[in-house]
Amino acid sequence: MAESTITARISVSSNPEQSWEFPVLHGSEGPDAIDVTKLYKTTGMFTHDPGFLSTSSCESRITFIDGEKGILRHRGYSIEDLAEHSDYLEVCYLLLYGELPDAKEKAWFVKEITYHTLVHEQLEFMFRGFPRRSHPMAILVGAVASLSAFYHDSLDIHDEKERDLAAKRMIAKMPTLTAMAYKYSIGQPFVFPQNALDFSSNFLNMMFSVPAEPYKVNPVMARAIDKLLILHADHEQNASTSTVRLASSSGANPFACLGAGISCLWGPAHGGANQAVIEMLREIEHVDRIPEFITRAKDKDDPFRLMGFGHRVYKNYDPRARVIKKYCDEVLEEIGDQEDNQLLKIAKELEKIALNDDYFVQRKLFPNVDFYSGIIYEAMGIPTALFTPMFALARTVGWVAQWKEMMEDPELRIGRPRQLYTGYPARDYVPIDKR
Ligand code: CMC
């Protein structure tokens, strides 16, 4: 439990004589929080905070962000260190269990995840029910939630072992389901997981191999995928994670709640931004047209926003974007595309212009994680519609770790926000012939 050593005094201007005191909670880092859980009972008032701009919804030990300084840490380790030295499954272990694994624990975890990469054969028929042109996110929402229909031995949320099994299943099966969504959309046969391969190579193999000829995974591509997965693994209480937490707070099963998280991620203000960035760069088409788009982004009468720019928490360069930019150069060099990559040229120039423009400077709008990721995905041959599923694949561990943490919290209660009602007061029913 977070500690409290001081209190905050609240009074209302209509009655300055009366005031109430509330505990101020201190986390291990970051701003303090006023504990208002007893506010309604004590004062008869709610707090009002649409979009949760100033509201902490839970205590968590998993991820720390300092948005002003551009810092992101998982369990105390910086994202830069993890991206440089770790691999995705090691980061998954860290997020789930709180510590980096030793060699024996790592081997155990890799084996456990690998064991669950296959999906139930019957799921194939579910895929076949979708039109081929379906967005893969639409398929994933359904396929992931439907896992609850197949894996009855991991649905008891009150049983620690079943929770752990569900967590591993979700992490293990997401690459398989994502690759299946892709294969289905292009009319190629599904490729079974190859458990001799590492996590990222296995994913690339399921995406790009065909039964007709041998396929060798390019290690530079596998490494880049692994880094991208690490960079997207968790981001504390973002919209999709909060969705998973809220859905799970009712006691719903984790597979269904993950489906809810995937739905939330799909939106262009969240994970859908990676697809929107590439579409925007394609629409810009040439560096000469950048000023036109910058003007549109600043125009309050135009709904257009610079996709991949801005963040609710980061008021500095998103540390994930910095790392991705570096790998972007590495991947494009490997495939010999760095010089001619028009989209990268436009992206770099766009970033330069925006970072020197008063509108973006004053509002502290910097490139976020989605700004460069699509360029790498595109260079690897991953289709645009699959960018957001890639985000979902990576974020699965974050959702699962946050869900596990919440289920282990003795103070768990159903999430139920209140509202400021602004509709009609009570009025008499009017019969239809009198309206
Ligand atoms: N282009 C132009 N103006 C912007 C942008 C942008 N991308 N982002 C924010 N602003 C302006 C906004 O109009 C507002 O201006 P004013 O104060 O004059 O009204 C100001 O900056 C503050 O923006 P906000 O909408 O109040 O900020 P928010 O915290 O509610 O929204 C955001 C954050 C990420 C939704 C928003 O910055 C955005 O829409 N960015 C583009 C979409 C995007 O890249 N999303 C990915 C986010 S990172 C990955 C993830 O979360 O999945």
Let me know the shape class of region 277-427, please: from the alpha-carbon gyration tensor, a ≥ b ≥ c as square roots of the eigenvalues, rounded when a/c is under 1.5, otherwise prolate if a/b is greater than b/c, or oblate.
oblate
Amide H contacts under 5 Å for Phe309, restricted to residues at least 5 apart in sequence or on another chain and with H modeled in the peptide plane, are Asn368
Distance between modelled label sites at Val24 and Glu160, nm, 7 Å Cα→Cβ extension
3.7
Dividing the alpha-carbon radius of gyration of region 145-193 by 2.2 N^0.38 Å, where N counts its residues, gives 1.37
Please list, in chain and number order, the residues 5+ apart from Leu25 or on another chain whose amide H is under 5 Å from its amide H, with Hs placed from the backbone.
Ala33, Ile34, Asp35
With Rh as the Kirkwood radius over Cα pairs, region 1-149 has Rg/Rh of 1.13
The alpha-carbon center of region 311-337 and that of region 1-76 are separated, in whole Å, by 33
Qualifying lysines (Cα of each under 16 Å from Cα of Lys69; at least 8 residues distant if same chain):
Lys315, Lys364
Kirkwood Rh, region 113-255, all Cα pairs: how many Å?
16.4
Sorted largest first, the Cα spans of the chain on the principal axes come out in Å as 80, 64, 57
Set the Förster distance to 41 Å, then compute FRET efficiency between Ser250 and Gln194 from the Cβ-Cβ distance, nearest 0.05.
0.60
Percentage relative contact order, the chain, counting C-alpha pairs under 8 Å, at least six apart
19
With all protein chains present, the chain has a carbon and sulfur share of its accessible area (1.4 Å probe) in percent of 53
Out of every Cα-Cα pair in region 1-71, what percent are more than 22 Å apart?
32
Most mobile listed residue (Ser373, Ser78, Ser11) in the chain, GNM with C-alpha springs under 10 Å:
Ser11
Separation of the Thr5 and Asp358 label points, Cα + 7 Å toward Cβ, nm
4.5
With θ set to phi - 60° and the Karplus curve 6.51 cos²θ - 1.76 cosθ + 1.60, what are the ³J(HN,Hα) couplings of region 86-101 in order, to the nearest whole Hz, using x for Gly and Pro?
9, 10, 4, 5, 5, 5, 4, 4, 4, 5, 6, 10, x, 9, 5, x
Could you compute the FRET efficiency for Arg418 and Ile71, with r as their C-beta to C-beta distance and R0 at 35 Å, rounded to 0.05?
0.60
To make sure I understand the rule: partners must be aspartates and glutamates, Cα under 20 Å from the Cα of Lys41, and not fewer than 8 residues away in the same chain. Which ones qualify?
Glu17, Glu21, Asp49, Glu411
Give me a comma-separated list of calculated 3J(HN,Hα) values for region 37-52, in order, Karplus coefficients 6.51, -1.76, 1.60 applied at θ = phi - 60°, integers in Hz, x for any Gly or Pro.
4, 9, 4, 5, 4, 7, 10, x, 10, 9, 8, 10, 8, x, x, 6
Descending semi-axes in Å of region 215-322, equivalent ellipsoid built from Cα gyration tensor:
29, 22, 13
Using 23 Å as the Cα-Cα cut-off, could you pick out the over-long pairs in Lys216/Lys348; Lys325/Lys352; Lys168/Lys325; Lys326/Lys404; Lys106/Lys325; Lys183/Lys348?
Lys216/Lys348; Lys168/Lys325; Lys326/Lys404; Lys106/Lys325; Lys183/Lys348
Which residue fluctuates most in the GNM of the chain (Cα springs below 10 Å): Thr384, Thr422, Thr241?
Thr422
Simple SL model, points at 7 angstrom along Cα→Cβ for Asn316 and His152; separation in nm is 5.2
Highest-MSF residue in the chain out of Ala297, Ala276, Ala145 [GNM, Cα springs under 10 Å]:
Ala297
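The values are calculated or read from the model by the stated rules, or taken from the named source; none is laboratory data. None of these values were measured; they are calculated from a predicted model. Note that we place each Cβ from the backbone using ideal geometry, even for glycine, and neighbour counts take in every protein chain shown. Surface accessibility is based on the protein's heavy atoms, side chains included, excluding ligands, DNA and RNA. Shrake-Rupley method; radii C 1.70, N 1.55, O 1.52, S 1.80 Å.
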